[in-house]
Amino acid sequence: MKRLYFGTDGIRGKFGGPVINASFAFQLGGAVGQWLQSTGPHASDDTVLIGRDTRGSGAVLVTAVAAGLKQAGWQVRDLGVVPTPAVSRAVKQRGAALGVMVTASHNPAEDNGIKFFNARGVKLTDKQEHAIEQALTLVSQSVGVYPQPESLSDAGPAYIAAASALLPAGALQGWRIVLDTANGATCATSPVVLRALGAEVVGIGDAPNGSNINANVGSEHPEALAARVLATGARLGVAHDGDGDRCVLCDERGGVLDGDEVLTMLATHALAQGRLVKRTLVVTVQSNLGVDAAVAAAGGQVRRTAVGDRYVSEEMLATGAMLGGESSGHVICAEVAPTGDGLVAALKVIEVMLATGRPLSELRQVLQKFPQGTLALRVKDKRPLETLPAVTAVIAELEHELGTRGRLLVRYSGTESKLRLLVEGPNDAVVAEGLARLEKAVRADLEVV
């Protein structure tokens, strides 16, 4: 189902551009409000909750979306700067009709975006987003000064209290943890929780100024995290992205862990304890094949979805699985939170460390990755892959050559003008050669910028 504005995680773009601006945000709020009215009657109340990250453009977009929603007949409450999972949790706990998060996640500060959560705190489906886009044509754009929505200040404290209860009081006494909050929405939540549990927190990316979110810090830039862990002798490092729904970890030796390692660690530990619901881990096609091997060896199974944590969530809801996520660091522990939550993921890993008495550098060894190579090429146009002769020919050749010894994945990014390439194989040489052939084919078919 083709959508014009929505990508894999809401709508994103440069602030002040043709989409992410106050006028369009007002129109989008109105369209969402009309769509929401059409899906009634609602068991929940008539309130919509809106949060944002620390981008300077966030407040403008919040007021504009709120004005559109209010015009469509909804009451709106502004949660202020809170992590994305805090919005999801607040919607579910308060019985609100909808949640809105103004964020561009891990993107740079000049970008912003808008994503939505239903009354269960789960992201909207493709079909629902398509319906909202259809309603956009019924709402006129408006340029003007929008009134401030009424504030609701308890979402952050409630989120902190719930996260703090995941481990016993004082569980982290004597622990030193390096925490990179990406100058984003978790600056006032994650460090509070870790300190409340007794940890000494060494902060990175904890001075947001509206324009430095994700700037050489956070889950996309874990180099400083690794260096600080080694320099301070910390037990581990934790990095979030700008809106706090991702978790990238660093072990005590300075080794960075991705989402695949976190998910495999959590899944195999839960299997050993007889606690992995449905004995199933849900991941995307992006995850390494080593995840399947490790989970199978522990007595479980892996189910794969399209790239995007909301597709993971949909599969979890459909199958009853309670653990899933992406290699990028989105981890959904559904028994705690209905969406990806970087802080919850970190606390769950720490729980495993406490239960086993083993350091992170040992626990991560449960995943033995297949050799893998990736490449992201920025392209001028996203032409359908099936119309690219050189690319389709190389894909067919590589799939035949690899057989069961590996796999490849060629897909457009849902949030950026990029074509992402992935090759896994029996050794590094095969992977590098396959990736080079794919890149050459892409450059023959598309304009790479």
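Every number in this text was worked out from the coordinates using simple rules, so none of it is lab data. In this text the structure is predicted, and so the values were computed from the model without any measurement. Here the Cβ is made from the backbone with ideal geometry for all residues, glycine too, and neighbour counts use every protein chain on show.
Values computed for the structure shown
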{"quantity": "Inter-label distance, nm, simple model (7 Å from Cα along the C-beta direction), residue 141/residue 318", "calculated": "3.6"}
{"quantity": "Highest average packing first - 291-298, 237-244, Cβ atoms within 10 Å", "calculated": "237-244, 291-298"}
{"quantity": "Listed residues 314, 351, 433, most fluctuating in the chain (Gaussian network, C-alpha, under 10 Å)", "calculated": "433"}
{"quantity": "Relative packing of peptides 338-348, 70-80, 263-273 - highest average C-beta neighbours within 10 Å first", "calculated": "338-348, 263-273, 70-80"}
{"quantity": "Relative contact order, percent, the stretch 165-256 [alpha-carbon distance under 8 Å, six or more residues apart]", "calculated": "33"}
{"quantity": "For the stretch 117-191: rounded, prolate or oblate by the Cα gyration tensor [a/c cutoff 1.5]", "calculated": "prolate"}
{"quantity": "Highest-first arrangement of 99-109, 387-397, where packing means the average Cβ count within 10 Å", "calculated": "99-109, 387-397"}
{"quantity": "Which listed pairs, of 123/348; 2/123; 123/380; 127/382; 380/418, have C-alpha distances above 20 Å, in listed order", "calculated": "123/348; 123/380; 127/382"}
{"quantity": "Linear extension gain, residue 427 paired with residue 150, 0.36 nm per residue minus alpha-carbon span", "calculated": "94.0 nm"}
{"quantity": "Spherically averaged projected area of the stretch 165-256 from its Cα convex hull (nm²)", "calculated": "5.3"}
{"quantity": "Contact order relative to length of the chain, as percent, for alpha carbon pairs under 8 angstrom and 6 or more apart", "calculated": "13"}
{"quantity": "Solvent-free Debye scattering, log10 I(q)/I(0), computed from the Cα coordinates of the chain at q = 0.12, 0.13 Å⁻¹", "calculated": "-1.04, -1.21"}
{"quantity": "Within the chain, helix-based [θ] at 222 nm, where runs of 4 or more DSSP H residues each add -39,500 (n - 2.57), nearest 500", "calculated": "-11500 deg cm²/dmol"}
{"quantity": "For the stretch 176-321: rounded, prolate or oblate by the Cα gyration tensor [a/c cutoff 1.5]", "calculated": "prolate"}
{"quantity": "Charge tally in the Cβ shell below 14 Å around residue 139, where Lys, Arg are +1 and Asp, Glu are -1, residue 139 excluded", "calculated": "0"}
{"quantity": "The stretch 372-445: relative contact order as a whole-number percent, Cα under 8 Å and 6+ apart", "calculated": "42"}
{"quantity": "Using a Förster distance of 35 Å, the FRET efficiency for residue 351-residue 216 (Cβ separation, nearest 0.05)", "calculated": "0.70"}
{"quantity": "Full-extension gain in nm, residue 381 to residue 223, via 0.36 nm per residue minus C-alpha separation", "calculated": "53.7 nm"}
